[in-house]
1. Enumerate the amide H contacts of Asn105 below 5 Å, restricted to partners 5 or more residues apart or on another chain; note that Pro and chain-start residues carry no placed amide H.
2. Percent relative contact order of the range 62-108, based on C-alpha pairs within less than 8 angstrom and at least six residues apart?
3. What are the lysines whose alpha-carbon lies under 26 Å from the alpha-carbon of Lys8, with same-chain residues fewer than 8 places away excluded?
4. About its Cα centre, how strong a charge dipole does the range 58-116 have in debye, to the nearest 20, once Lys and Arg get +1 and Asp and Glu get -1 at the Cβ?
Amino acid sequence: MAKGTVNKVIILGRLGQDPEVRAAASGTTVANLNVATNELGPKDPSGMRQENTEWHRCVLFGRTAELAQQYLSKGSLVYLEGRLQTRKWQDQSGNDRYSTEIVVNEMQFVGGGQGGGGQGMGGQQGGGYQQGGGFNQPQQQAPQQAAQQRQPQQQPQPQQSNNNFDDFDDDIPF
């Protein structure tokens, strides 16, 4: 990162269509997402607010792209972090064209499909993946370990102290 500059984008939105996934010439998996974010516009003369939708082109690479293909679909709510990138290309007529997109380096699955607020993957709320990291879903535990964790833990007995702070009883409600 150059001194004094920041190129960071954070998006929380819904997919407008299923991820478009392909393999690059190098063999890397690439996914393109179209993500919609909404905000309320200014009030009109009647006092009503119009909802404005903004569409964002997002590109994911490698394992992040594979996870998007596996877990995301049209209407999915997703949190994305990345950077803006503008690419220059030529159309069929030879004219220069430009595309600005978000190159995603972190993705969090926020909820269910279009209904929103539902469970994420694997019955957990949310889940996510950071580029270069791992999918943050908890590992499957052996049945004995899970049963041990469900048993109530015994609380350690407080040590006796000479200052009698534990004997102080007040009725402060917090």
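Bear in mind that the values in this text are calculations on the coordinates, not laboratory data. These figures come from a predicted structure and were not determined experimentally. Every residue, glycine as well, gets a Cβ built from its backbone with ideal geometry; the counts of neighbours run over all protein chains shown.
1. Under 5 Å from the amide H of Asn105: Glu81, Gly82, Arg83.
2. Result for the range 62-108 is 41 percent.
3. Lys74, Lys88
4. Computed charge dipole of the range 58-116: roughly 40 debye.
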